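Take a look at the structure set out below.
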Amino acid sequence: DLRLPIGHKEDTSSWIHRRRAPPAAGPPLPAMPRLRILPMAAALVACLCLIFAAQRAQTTHEKALGLATRSRGLAVPQSALAVRPRVVPGVRGVPSRDGMAGKRAAVVTRATFEGFVINQLLTNPQAQAALGAASAALLGGIGLLVNRGSRADPSVPGSDGAAATSPARGPTRGGPAPVALADAVGVFGATGKTGSEVVKSLLAEGKSVIGYVRDQAKAKETFKDAVNVKNLAFRQCDVTKPDTLGDSATLFEGVSQVVIALGPVYGKLPSGEFGPIDGLTPQAVDYEGVINVLNSAKTAMKPNTPTTDKLFNWGWVPDQADLWTNFDDVIMGGTSASKVESVGGSMKWSGKVIAEGGGFCGMRSDPEKPIKSLQPYDALKMRIRGDGNRYKFTIQLRNGTRYQCPFDTTKGILQDIELPFSSFVGLSSKKANEVDYNAIPLSEADRSDIAFMNVVLSKFEFNGFPNRAGIPGEFSLSIDSIDAVAKPAPQIVMVTSAAVERNARITTKEQRQADIPIVQLNPQGILNWKYKGEAALRDSGLTYSVIRPCGLTTLNETTEFALDLLQGDRVSGAISRKEIASLVTSALSTPTADGKTFEVRRSEARDAVAVGAASRSVILQKLQTLVKDTDRYKTGLPVLPMAVDPPAEELSKEETQKVLDDPRVKAQRKREPTATQVAGRADDEPSFVVYRNGKPIPA
């Protein structure tokens with residue numbers, strides 16, 4: 001069962017589960033309702049007693065009826081004395097010496113039996129005793145059920161008859177069976193401030209969610225408004241204790257994607273001081289805990305790879321080349337011309353583009369022959385041999401909407417060209433090359449009903465601008481195949497922190513002193529440990545995305561800000577947890593987030609506040625513009641640095657005070673006097689507290 005705790009083995013040999021001791025953490029669990037079987041037993045006894053009473057009444061009735069019929073000389077077949085048949089056999093279709101007598105006997109049987117039974121139940125001592133026992137048993141069962149309902153405690157899971165989901169034990173008997181979740185998102189750190197927002201955002205998107213929690217009571221309080229949501233379940237584990245993770249297959253059963261939103265937990269120690277509680281330090285949680293999760297995930301979640309399906313594969317079957325036919329600018333009065341033929345196992349399209357007139361040639365698939373749905377896919381992939389021109393690939397839907405994506409070729413070179421649906425541009429229905437900026441992106445449109453596809457070589461790009469990579473004159477393009485490609489979305493999305501990369505690039509004390517305050521402080525080496533957790537994720541072989549929020553804020557949480565998605569870890573700023581959660585949900589849904597690490601903050605532009613500024617389509621477009629971690633050098637971004645341990649030399653008390661006197665720190669504390677430090681979360685502590693050896697350093 002997906003709601004059983006990790007490592008829990010349920011004894012199903014008995015209908016009533018054996019009791020187990022409640023866990024150390026969390027509120028006491030309700031006792032297993034052993035007496036639940038008694039109402040059922042009482043009902044069974046009642047039924048048996050009623051059957052006995054009816055049999056006694058029937059026996060007496062048969063004896064009396066036999067005497068009456070013999071005294072009248074009536075021949076009554078034995079079947080006429082049966083209780084259950086309403087139409088007595090023998091009255092019709094069964095011979096007797098006196099047919100009328102048989103009919104009269106049947107009338108006597110039907111007419112007198114009901115009244116006779118009632119009379120016997122009122123006068124026969126044995127029937128009365130059986131009826132009394134049945135009534136007592138039935139009333140007793142009802143009483144047990146009513147009494148149990150009156151004792152229901154809404155604060156105790158399972159006391160109202162619903163299946164409780166205690167992390168330490170399986171669901172209690174008596175309520176509806178827990179819903180088995182599939183294709184769920186597992187959230188580590190689900191009860192944290194950021195993790196809980198992620199859970200709520202996923203539920204709002206209709207996703208099934210499994211929260212991994214240490215504390216049942218905290219989980220219940222955090223999601224008290226969502227405990228009855230059918231697609232939310234919890235599993236108990238502690239990422240800092242590998243033995244609590246149990247079997248990997250059980251830990252990730254029904255889980256297809258994972259969010260890691262972990263962080264150290266600070267609180268009041270037994271000594272009265274503030275510090276990491278229960279050993280939940282940055283090193284234990286952000287690094288060692290992440291490694292424990294990844295080790296289990298690598299066993300249960302195999303690396304995702306793109307899958308392809310053939311749309312058009314001409315190969316060595318010449319007849320398939322006829323699926324595509326040419327269309328040229330002669331329809332507009334031009335003189336360009338082209339032809340399509342099967343050559344050497346490929347579909348070869350060649351001709352001549354004349355700039356005067358329409359200035360284009362094209363070929364398209366047969367509109368009468370359906371193309372399979374592209375809804376499950378993310379891109380097209382073509383194997384081609386080109387001539388150095390820039391062509392445009394068109395997809396037209398049945399509703400008339402057209403999308404185009406340009407692609408470049410290299411002369412005489414066999415190429416694999418990938419065309420992501422997110423790269424297609426929506427076109428106007430009025431003008432051939434005019435862009436429709438209000439069109440739904442093809443990556444979000446319904447791609448289940450494709451009218452046809454075509455390839456065009458035109459002297460125009462978009463909006464009437466010239467195609468500078470399209471050379472008028474003779475051209476030749478050979479296509480071996482066209483495939484539909486399904487690309488994997490991130491299997492794991494990790495939420496860490498901005499400044500972890502810039503901290504890892506520091507090699508001297510002077511560089512640290514010149515950096516932003518959080519890098520100078522780096523409390524308990526948290527930036528180093530978070531970055532080492534990122535490095536472990538990149539090395540896991542799983543598809544991933546790493547989100548680095550800048551400073552967390554609780555201001556203006558209901559205002560919609562434009563978000564800056566940046567790379568290189570060179571900025572600071574602020575963002576709310578709700579905005580982070582929305583971004584996590586978007587990243588899980590798109591392959592364009594795979595393999596990318598980026599920082600995020602609220603835009604600091606004057607016009608950053610606008611309705612729709614952080615809409616899903618806008619976020620997806622921004623994710624698409626980011627580069628993969630392996631390709632950062634191509635765009636001038638710094639290559640990711642090596643992960644190292646925190647510096648051995650700590651700040652002195654004077655150095656720490658100097659950082660806290662920084663105008664930027666004072667301004668932040670003035671804006672949000674109750675805010676906690678950027679890295680890590682703290683409970684019941686002053687803002688921006690720095691710890692050394694488990695003790696707070698005064699601001």
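Looking only at segment 586-606, which residues are under 13 Å from the mean Cα position of the chain (by Cα) and buried (at least 21 other Cβ atoms within 10 Å of the Cβ)? Spell out the reasoning first.
We begin by selecting, within segment 586-606, every residue under 13 Å from the mean Cα position of the chain (by Cα); these are 586-590.
Result: 586, 587, 588, 590.
Return a yes/no flag: does segment 239-260 have any residue that is in a loop (DSSP other than H, G, I, E, B), touching a residue at least 60 places away in the same chain (Cβ under 8 Å) and closer than 20 Å to residue 646 by Cα. Even if it seems obvious, please write down each step before you answer.
Going residue by residue through segment 239-260, those that are in a loop (DSSP other than H, G, I, E, B) are 239-241, 246-247, 252-254.
Subset that is touching a residue at least 60 places away in the same chain (Cβ under 8 Å): 246-247, 252-254.
Within this subset, residues satisfying the condition of being closer than 20 Å to residue 646 by Cα are none.
No; the residues of segment 239-260 include none that is in a loop (DSSP other than H, G, I, E, B), touching a residue at least 60 places away in the same chain (Cβ under 8 Å) and closer than 20 Å to residue 646 by Cα.
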* To do: Would you mind telling me which numbered condition in (1) surrounded by fewer than 18 Cβ atoms within 10 Å (Cβ to Cβ); (2) closer than 30 Å to residue 437 by Cα; (3) among the basic types (Lys, Arg) residue 364 fails?
  => (1)
* **Search result, residues across segment 202-252 that are surrounded by 22 or more Cβ atoms within 10 Å (Cβ to Cβ), of a type in the set (Val, Ile, Thr) and more than 18 Å from residue 280 (Cβ to Cβ)** => 209, 210
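Here is a check on your reading of the model: is residue 402 in contact (Cβ under 8 Å) with a residue 12 or more places away in the chain and closer than 24 Å to residue 347 by Cα? Walk me through it before giving the result.
On the way: in contact (Cβ under 8 Å) with a residue 12 or more places away in the chain: yes; closer than 24 Å to residue 347 by Cα: yes.
Yes.
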* Asked: Regarding residue 276, is this residue in contact with a Pro (Cβ under 9 Å, 6 or more places away or on another chain) and either under 22 Å from residue 385 (Cβ atoms) or not assigned by TED's automatic domain parsing to the domain that holds residue 535 (or both)?
  -> yes
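Tell me the residue from 573, 612 that is on the phi > 0 side of the Ramachandran plot and buried (at least 16 other Cβ atoms within 10 Å of the Cβ), please.
Values: 612 fails: buried (at least 16 other Cβ atoms within 10 Å of the Cβ).
Selected residue: 573, the only one of 573, 612 that is on the phi > 0 side of the Ramachandran plot and buried (at least 16 other Cβ atoms within 10 Å of the Cβ).
What is the residue count in segment 625-641 for residues that are part of a helix (DSSP H, G or I) and within 23 Å of residue 532 (Cβ to Cβ)?
Applying the first criterion (part of a helix (DSSP H, G or I)) to segment 625-641 yields 625, 629-635.
From what's left, within 23 Å of residue 532 (Cβ to Cβ): 629-633.
Residues meeting the conditions: 5.
Yes or no: residue 394 at pLDDT below 95, in the same structural domain as residue 340 (by TED's automatic domain parsing) and of a type in the set (Ser, Thr, Tyr)? Working first, answer last.
On the way: at pLDDT below 95: no; in the same structural domain as residue 340 (by TED's automatic domain parsing): yes; of a type in the set (Ser, Thr, Tyr): yes.
Considered against the rule, which asks whether it is at pLDDT below 95, in the same structural domain as residue 340 (by TED's automatic domain parsing) and of a type in the set (Ser, Thr, Tyr), residue 394 comes out as no.
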* Structure fact -> Among the residues of segment 654-676, the number that are at pLDDT below 70 and touching a strand residue (DSSP E or B) at 6+ places or on another chain (Cβ under 8 Å) is 2
* To do: Could you grab me the full set of residues in segment 484-498 that are modelled with pLDDT under 95 and in contact with a Leu (Cβ under 7 Å, 6 or more places away or on another chain)?
  => 489
* To do: Consider residue 539 carefully, then state whether it is without any contact (Cβ under 8 Å) to a residue 60 or more places away in the chain, in contact with a Lys or Arg (Cβ under 8 Å, 6 or more places away or on another chain) and assigned by TED's automatic domain parsing to the domain that holds residue 638.
  => no
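Yes/no per residue for (1) over 16 Å from residue 621 (Cα atoms); (2) buried (at least 22 other Cβ atoms within 10 Å of the Cβ); (3) in contact (Cβ under 8 Å) with a residue 12 or more places away in the chain; (4) among the β-branched types (Val, Ile, Thr):
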site	(1), (2), (3), (4)
526	yes, yes, yes, yes
551	yes, no, yes, no
557	yes, no, yes, no
562	no, no, yes, no
* Asked: For residue 464, are the conditions met, namely being surrounded by 19 or more Cβ atoms within 10 Å (Cβ to Cβ), out of contact with any helix residue (DSSP H, G or I) (no Cβ under 6 Å at 6 or more places or on another chain) and assigned to a loop (DSSP other than H, G, I, E, B)?
  -> no
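The values are calculated or read from the model by the stated rules, or taken from the named source; none is laboratory data. Because the structure is predicted, anything quoted here is derived from the model rather than measured. Ideal geometry is used to build each Cβ from the backbone, glycine not excepted, and the neighbour counts take in all protein chains shown.
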